[in-house]
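Asker: Please see the structure below; I have some questions.
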Amino acid sequence: GAGVSQSPSNKVTEKGKDVELRCDPISGHTALYWYRQSLGQGLEFLIYFQGNSAPDKSGLPSDRFSAERTGGSVSTLTIQRTQQEDSAVYLCARGTGGPFSGANVLTFGAGSRLTVL
Amino acid sequence: GNSVTQMEGPVTLSEEAFLTINCTYTATGYPSLFWYVQYPGEGLQLLLKATKADDKGSNKGFEATYRKETTSFHLEKGSVQVSDSAVYFCALSANSGNQFYFGTGTSLTVIP
């Protein structure tokens, strides 16, 4: 989507390898979200950043998953020792609108499709 | 807690048919409600939103009304087109707009 760049767009890896997925919200919006979309499933929330801190990382499925954000801009989602069940599309979104406006809107990137063999 | 339940698909309609995709929600406080659409091969994009009770969101011929009494935000379109084929997600934002909760998505296919 316009305004959020994700890379790589496709990643095929072997089970047990580590992967890094990158998200650049381009215009440096304060709020940044990671979601996971598995085949036939809805959107699963992973983690939310406000600036460089993560007030809510309750959705990270295991300690193999971690994310960081530096400079209030680019974020990296890291999956260690990948498993086949990690195969999914990983979506990043930036939030627009003030944090207390109640009308925050998400703008999504095109996603990174991860396939773990 | 906060959650969204939407009609399961897939839905298949003929062109020019009337569309309704049901969405109900559970929320604490005063959520904003959204419909997002994901066209084949593309990312999710906002279709419409409503930020308070009785508001009607509309875009591209789609409409949804925020009904607090029935905790619903059903998506409707009077005459669908083939180009409307996509997956539609109902969502709400809570906690001062910082947290988002999505339904599981409803796949719509419109046939000529």
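The values are calculated or read from the model by the stated rules, or taken from the named source; none is laboratory data. Note that the structure is a prediction, hence the values are computed from the model and not measured. Every residue, glycine among them, receives a Cβ derived from its backbone with ideal geometry; neighbour counts consider all protein chains shown. Accessible surface areas use protein heavy atoms only, side chains included; no ligands, DNA or RNA. Shrake-Rupley method; radii C 1.70, N 1.55, O 1.52, S 1.80 Å.
Asker: Regarding A:LEU60, is this residue modelled with pLDDT of 90 or more, part of a loop (DSSP other than H, G, I, E, B) and not polar (S, T, N, Q)?
Answerer: Working: modelled with pLDDT of 90 or more: yes; part of a loop (DSSP other than H, G, I, E, B): yes; not polar (S, T, N, Q): yes.
Judged against the criteria, A:LEU60 is a match.
Asker: Moving to a separate point now. Just the residues that are assigned to a loop (DSSP other than H, G, I, E, B) and either away from chain A (no Cβ under 11 Å) or touching a residue at least 60 places away in the same chain (Cβ under 8 Å) (or both), please, taken from segment B:45-71.
Answerer: Passing the criteria: B:ALA53, B:ASP54, B:LYS60, B:GLY61, B:TYR66, B:LYS68, B:GLU69, B:THR70, B:THR71.
Asker: I'd like the residue in segment A:94-112 that is more than 7 Å from chain B (Cβ to nearest Cβ) and buried (at least 17 other Cβ atoms within 10 Å of the Cβ) and, out of all such residues, is modelled with the highest pLDDT.
Answerer: In this case the residue turns out to be A:SER112.
Asker: Need the failing condition index for B:ALA53 against (1) loosely packed, with under 13 Cβ neighbours inside 10 Å; (2) within 20 Å of B:THR104 (Cβ to Cβ), just the number.
Answerer: Condition (2) is where B:ALA53 drops out.
Asker: If you don't mind, there's one more thing I want to ask. Since B:TYR30 meets every condition but one in (1) in contact with a Gly (Cβ under 8 Å, 6 or more places away or on another chain); (2) modelled with pLDDT of 95 or more; (3) surrounded by fewer than 14 Cβ atoms within 10 Å (Cβ to Cβ), which condition does it not meet?
Answerer: (2)
Asker: Please pick out the residue among A:VAL74, A:VAL89 that is open to solvent by less than 30 Å² (accessible area, probe 1.4 Å) and either modelled with pLDDT of 90 or more or of a type outside the set (Lys, Arg) (or both).
Answerer: A:VAL89
Asker: Another question, then. Quick test for you: out of B:GLU42, B:GLU76, B:GLU8, pick the one residue that is of a type outside the set (A, V, I, L, M) and away from chain A (no Cβ under 14 Å). Break it down into steps so the answer makes sense when it comes.
Answerer: Values: B:GLU42 fails: away from chain A (no Cβ under 14 Å); B:GLU8 fails: away from chain A (no Cβ under 14 Å).
Of B:GLU42, B:GLU76, B:GLU8, the one residue that is of a type outside the set (A, V, I, L, M) and away from chain A (no Cβ under 14 Å) is B:GLU76.
Asker: Consider segment A:31-56. How many of its residues are assigned to a loop (DSSP other than H, G, I, E, B) and either within 11 Å of another protein chain (Cβ to nearest Cβ) or crowded, with 16+ Cβ neighbours inside 10 Å (or both)?
Answerer: So the count comes out to 4.
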